[in-house]
Amino acid sequence: MNKYLIYFLIPVSFLFIYFAEGQVIIFASLMVIFDRCFFSRIKIFHGIEFSTIAIFLVALKYNLVISISFCIFILFVLTTAINIFLGDKWVINKEFKLIRGVFGFSLTILEVIIINYFKHIDIFLLMLIILIFGHSLYILKGKLTQTNYVLDYVGIITNILFNLFLVYFFRSFWLLLLTG
């Protein structure tokens, strides 16, 4: 990617944050940048990530257009630009990718659509539905595209428990953030 294009994409993504307004977009953007640009470089334990809860909060607070725009500009464009700018510095995680795949991005868009459709459901149950849906599609993709697919039970269980833990124990904080 061209260096000047990166210098253009980062301010465009921050303009999206500014025009979308609200503490949820800012908080979720910081969570995504921390997770995708810094924490994923040194990830020691599989399943611990903060992007899911950030996407979840944005999709609950805003409409479908803003939620999908968040996925495009923050989750994909901004984090890719920052990762390309940083390069391979400080990478300890051998599974770290500078650019995320199209499948994960498409799955995130589908999750945003599901969250927007089922906004009236309890947030704990909705997070459980999203996690099971996402992991099921990743398992299906692995089974269809790889001949020796090995299911990462520990990573899946850790991810589900970690995200449900965040939703359950910080429920009052999330609801305050979403209503404020």
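Numbers for the structure displayed
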item	result
Segment 134-159, subset closer than 16 Å to LEU110 by Cβ and loosely packed, with under 14 Cβ neighbours inside 10 Å, residue nearest to the chain's Cα centre (by Cα)	SER136
Subset of segment 51-101 that is without any contact (Cβ under 8 Å) to a residue 60 or more places away in the chain and basic (Lys, Arg) - its residue that is nearest to ALA28 (Cα to Cα)	LYS97
Residue within segment 108-117 that is aromatic (Phe, Trp, Tyr) and exposed (fewer than 13 other Cβ atoms within 10 Å of the Cβ) present	yes
Filtered residues of segment 30-41 (kept if farther than 18 Å from ILE84 by Cβ and touching a residue at least 12 places away in the same chain (Cβ under 8 Å))	MET31
Subset tally (residues that are closer than 19 Å to LEU60 by Cβ and surrounded by 11 or more Cβ atoms within 10 Å (Cβ to Cβ)) for segment 160-175	11
Number of the exception - THR108 against (1) among the polar types (S, T, N, Q); (2) under 17 Å from ASP35 (Cβ atoms); (3) free of Cβ contacts under 8 Å to residues at least 24 places away in the same chain	(3)
Where SER40 falls short, out of the listed (1) of a type in the set (Ser, Thr, Tyr); (2) out of contact with any helix residue (DSSP H, G or I) (no Cβ under 8 Å at 6 or more places or on another chain); (3) closer than 19 Å to LEU125 by Cα	(3)
Candidate set: segment 113-134, residues that are hydrophobic (A, V, I, L, M, F, W, C) and not in a helix (DSSP H, G or I); chosen: the one nearest to LEU175 (Cα to Cα)	ILE121
Test: PHE39 is crowded, with 16+ Cβ neighbours inside 10 Å and either among the hydrophobic types (A, V, I, L, M, F, W, C) or at pLDDT below 85 (or both)	yes
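The values are calculated or read from the model by the stated rules, or taken from the named source; none is laboratory data. None of the values given here were measured: they were computed from a predicted structure. For neighbour counting, all protein chains shown are included, and Cβ atoms are generated from backbone atoms with ideal geometry for every residue, glycine included.
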